[in-house]
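The values are calculated or read from the model by the stated rules, or taken from the named source; none is laboratory data. Treat the numbers as computed from the prediction; the structure is a model and nothing was measured. Heads up, the Cβs are rebuilt from the backbone with ideal geometry, glycines too, and the neighbour counts pull from every protein chain shown.
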Amino acid sequence: MVKQPRYETVTLEKIVGGGQALGTLSDGRKCFVWGGLPDETVAFRVTKKKAHFVEGIVTEVLHASPERIAPRDADSYLSTSPWQIMTFSAEQNYKTTLIKEAFELHNVVLPHKIDVYTDRRKFQYRNKVEFSWFSERAGESYPDTLDLAFFRRGSKGKIIVNECSLLPPEVIALAHSVRDILRRKHISARQLKTLLIRSNQQGSCVWQLYTKDALPNIITHEEAETLPAQGGEVIHSDPRSPASRITARLAKFGVTTLTDTILGTPFRYACEGFFQVNIPVYEQALRDMREWVSYPKCTTLAGNDTGEENLPVIDLYAGVGTIGLTIGGKNVTLIEINESAVAEMQRNITALGRTNARAILAPSEKALDFITPNHVVIVDPPRAGLHADVVAKLLEVAPPRIIYLSCNPVTQARDTALLTEKYDIRAHRGYNFFPRTPHIEHLAVLDRKVACPYGSMR
């Protein structure tokens with residue numbers, strides 16, 4: 001027996017941290033709804049039901065907010081950028097509120113008005129995409145169809161994708177070209193996992209086709225040469241592993257690494273490696289961070305006069321080194337857990353001739369001895385925030401300044417609340433790295449609570 005979908009009607013109250021709109025049902029249960037805005041009355045389909053709350057997706061707007069606009073990607077926006085339904089000014093205001101509420105939740109007072117930087121580019125800013133695949137069985141006499149797809153939010157189903165307004169046109173063109181080659185060969189989605197595409201600021205693209213079956217000849221060298229890309233790979237990924245997990249590299253075509261320049265510094269990175277998806281906004285964050293890397297003349301806890309500026313820098317969660325190698329000064333240690341990222345980082349260090357930079361392969365929580373009272377510490381952790389051991393070490397050693405860039409203000413506020421035992425927030429700023437989505441980055445500069453005999457800090 002097929003389970004019938006359940007629908008509810010509610011008036012929505014506010015946007016919450018995950019990006020959904022919150023409402024209260026007539027029985028007192030809270031509901032978290034995608035596709036709705038505060039002050040709207042909506043009907044929604046329940047996608048998850050718990051004792052004290054439900055989740056759902058709006059199916060009809062009964063009373064619309066004046067902030068509502070038509071989404072550019074009407075069919076797929078919920079999968080990629082669910083805030084396409086609101087004006088951009090509303091998005092900026094909600095992101096400001098989310099930062100404010102995250103710190104209030106942990107009883108941390110931000111010392112200045114929250115500013116969320118944006119370059120006002122709302123579309124075509126993403127330099128990376130990962131497509132799934134969809135095939136519809138056409139019967140015994142006809143081959144399956146093959147289409148690019150995203151997963152539907154709130155279900156295990158997929159939605160066919162032909163366009164995506166977050167992506168530059170060269171990425172869409174390449175995805176269509178790969179799809180068309182596979183269509184001509186009657187490849188089914190059952191044989192495939194994902195298609196990963198990256199582009200740099202010059203519009204060059206690389207691709208990786210992940211397959212469930214070991215299919216080294218699924219794309220030939222002749223076919224690869226016709227693709228609008230500088231290179232690509234066919235990769236076998238164990239069906240039991242997560243998407244885009246490399247089991248074996250089956251075929252390689254052309255040049256499969258990209259190069260981008262960040263604040264005048266060139267970086268090489270792999271298609272599957274971590275690299276910022278919105279470089280112009282990221283560069284502004286780096287400019288802001290650079291203002292705080294130099295530390296004014298002050299006596300350390302160890303009793304040493306550090307001189308005017310240029311304390312050594314330690315960059316935790318360093319990736320391929322885009323923070324430490326651009327703003328880290330003359331003496332920087334970069335710590336990263338991902339082996340391939342460290343390999344790219346070391347290549348970048350060598351290419352730049354940075355004899356005063358060293359790359360360390362280790363989890364940040366296992367590299368704590370590198371933190372000293374004479375370091376400026378930069379952290380850019382994953383969404384889970386700082387490891388508890390990292391927080392403990394920072395409190396124990398008390399370096400003079402911590403520059404904390406976060407992709408999750410909630411965990412950043414949690415960590416900051418702990419660090420305020422010995423630190424004050426000197427500066428902070430938000431960054432809209434991912435327009436039309438609920439995601440927000442936030443920078444906090446924390447200075448040690450210690451008297452400086454040479455006057456005030458900045």
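Observations, loosely collected:
- Between 327, 349, the distinction of being of a type outside the set (Asp, Glu), under 18 Å from residue 403 (Cα atoms), at pLDDT 90 or above and crowded, with 19+ Cβ neighbours inside 10 Å belongs to 327 only.
- Scan of region 45-87 for residues that are charged (D, E, K, R), within 27 Å of the chain's Cα centre (by Cα) and either in a loop (DSSP other than H, G, I, E, B) or modelled with pLDDT of 95 or more (or both), ordered by number: 55, 67, 68, 72, 73, 75
- Any hit, region 171-191, residues being touching a strand residue (DSSP E or B) at 6+ places or on another chain (Cβ under 6 Å) and surrounded by fewer than 16 Cβ atoms within 10 Å (Cβ to Cβ): no
- Residue that is nearest to residue 439 (Cα to Cα) [pool: residues in region 367-421 that are more than 24 Å from the chain's Cα centre (by Cα) and of a type in the set (Lys, Arg)]: 401
- Selection of region 42-73 for residues being of a type in the set (S, T, N, Q) and surrounded by fewer than 16 Cβ atoms within 10 Å (Cβ to Cβ) yields only 59.
- Residues (outside any strand (DSSP E or B) and either within 12 Å of residue 181 (Cβ to Cβ) or within 24 Å of the chain's Cα centre (by Cα) (or both)) located in region 230-246: 237, 241, 242, 243, 244, 245, 246
- Evaluating residue 102 against the criteria (1) assigned by TED's automatic domain parsing to the domain that holds residue 283; (2) assigned to a loop (DSSP other than H, G, I, E, B) leaves one unmet condition, (2).
- Contacts under 7 angstrom Cβ, first residue in region 161-176 being within 16 Å of residue 231 (Cα to Cα), partner assigned to a helix (DSSP H, G or I), 6 or more apart: none
- Condition met for residue 334 (among the aliphatic types (A, V, I, L, M), crowded, with 20+ Cβ neighbours inside 10 Å and either modelled with pLDDT of 95 or more or assigned to a loop (DSSP other than H, G, I, E, B) (or both)): yes
- Of all residues in region 172-203, those satisfying the criterion of being closer than 15 Å to residue 234 by Cβ, of a type in the set (Val, Ile, Thr) and either under 28 Å from the mean Cα position of the chain (by Cα) or at pLDDT 95 or above (or both) are 178, 181, 194, 197.
- Enumeration of residues in region 27-41 that are of a type in the set (A, V, I, L, M) and either farther than 14 Å from residue 60 by Cα or in a loop (DSSP other than H, G, I, E, B) (or both): 37
- In region 385-412, the residues that are within 16 Å of residue 315 (Cβ to Cβ) form Cβ pairs under 6 Å with partners that are small (Gly, Ala, Ser), at six or more places apart or across chains, as follows: 390/364; 404/444.
- Summed over region 222-257, residues that are in contact with a strand residue (DSSP E or B) (Cβ under 6 Å, 6 or more places away or on another chain) and modelled with pLDDT of 90 or more total 22.
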